[in-house]
1. Determine the pairs where a residue that is under 22 Å from TRP111 (Cβ atoms), located within region 125-139, has a partner that is charged (D, E, K, R) with Cβ atoms under 9 Å apart, the partner being 6 or more residues away or on another chain.
2. From the set of residues in region 170-197 that are touching a helix residue (DSSP H, G or I) at 6+ places or on another chain (Cβ under 9 Å) and acidic (Asp, Glu), which is nearest to ASN143 (Cα to Cα)?
3. Residues GLY227, GLY264, GLY231: which one is at pLDDT 95 or above, of a type outside the set (D, E, K, R) and buried (at least 17 other Cβ atoms within 10 Å of the Cβ)?
4. Of everything in region 1-52 that's of a type in the set (S, T, N, Q) and surrounded by 14 or more Cβ atoms within 10 Å (Cβ to Cβ), which residue is nearest to ASP126 (Cα to Cα)?
5. Which of the following residues is outside any helix (DSSP H, G or I) and at pLDDT below 95: VAL104, VAL156, VAL65, VAL80?
6. Go through region 9-61 residue by residue and tally those that are under 28 Å from PHE215 (Cβ atoms), of a type in the set (Gly, Ala, Ser) and touching a residue at least 60 places away in the same chain (Cβ under 8 Å).
7. For region 159-191, give me each residue that is part of a loop (DSSP other than H, G, I, E, B) and touching a residue at least 40 places away in the same chain (Cβ under 8 Å).
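The values are calculated or read from the model by the stated rules, or taken from the named source; none is laboratory data. What you see is a predicted model; the values in this text were computed from it and never measured. No Cβ is skipped: glycine too gets one built from the backbone with ideal geometry, and neighbour counts run over all protein chains shown.
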Amino acid sequence: MEFLYIVWDADPVAFEIFGRGVRWYGILLAVGFFLGYLIVSALMRKEGQKQERIDILAIYVVVGVVVGLRLGHCLFYNPVYYLSNPLEILKVWEGGLASHGGAVGILLAVWLYSRKYKMNYLGLLDRIALIVPLAGGLVRFGNLFNSEIFGVQTSVPWAFKFLRNRPDLIPAIESAQGKCDIQNLDCLIQYWPARHPTQLYEGIFYLIMFIVFYFIFMKFKSRWKEGVFLGWFLIVLFVFRYLIEFTKVEQVEFEGWTAAIKMGQLLSVPFVLLGLYFLGRGFGWFKRKQNP
């Protein structure tokens, strides 16, 4: 039976400047940061915050995200290599970012900012969380252009054949033996492994999440205690992250009883629990009963 599929061979480089390629990933990441800055800036100005303070908050968040993304990848997914070669951690341009690390970076950066400027920590996080799905969705589309963070093999009709994923060339050649000239790419494509386009799954989900949560925030921000919106955000985002990992190629292999879980799922659990804590805190679930 012949299955439908989409051949994906997009060039990750959008254009060149002085001989150096500018990648779609970097463009989309920058656009995500910029749009997020505009949205949060407009919101906080309406609440009476000074633009200077907002700009400083943006710097804290950007630094926290970038450092967190990189350290998260290095320490969560390949700690032995990077701790043995610490200078390799600085080579961000070679790829390797982990969204869970970015989340930790945001939590820490906003905490430092709130302590310095005596502002409500959870209230700030509520506002930052508002634009995280927007930036995250654009980043995932950048991953698509890079042909990275893709899924496991599948026969669904919207499956992608990532021609720039060279490890897939070997099984394609093995399957094409005796059936076509392996130098003929058009023929070889028929035998190229088709995979879940998990970048699209995540990118679309995050953009929908941003739109829905934006309206939720605007409607309930005056009714909910600080941290409640953040709690809902963490639960929805990381429950989805846990589920989407079932379709992804694993970056770290566990052994023993942990072999059934993936690193992305393991890292998502604490964030879901943290979200439940913020909900319980905001809705008063943890109040002790008064003795009569």
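1. Within 9 Å, the pairs are LEU125/GLU226; ASP126/LYS221; ASP126/GLU226; ARG127/GLU47; ARG127/LYS221; GLY136/GLU202.
2. GLU174
3. One residue alone meets the criteria, GLY231.
4. SER41
5. The conditions single out VAL156.
6. Of the residues in region 9-61, 2 are under 28 Å from PHE215 (Cβ atoms), of a type in the set (Gly, Ala, Ser) and touching a residue at least 60 places away in the same chain (Cβ under 8 Å).
7. Across region 159-191, the qualifying residues are ALA159, LEU163, ARG164.
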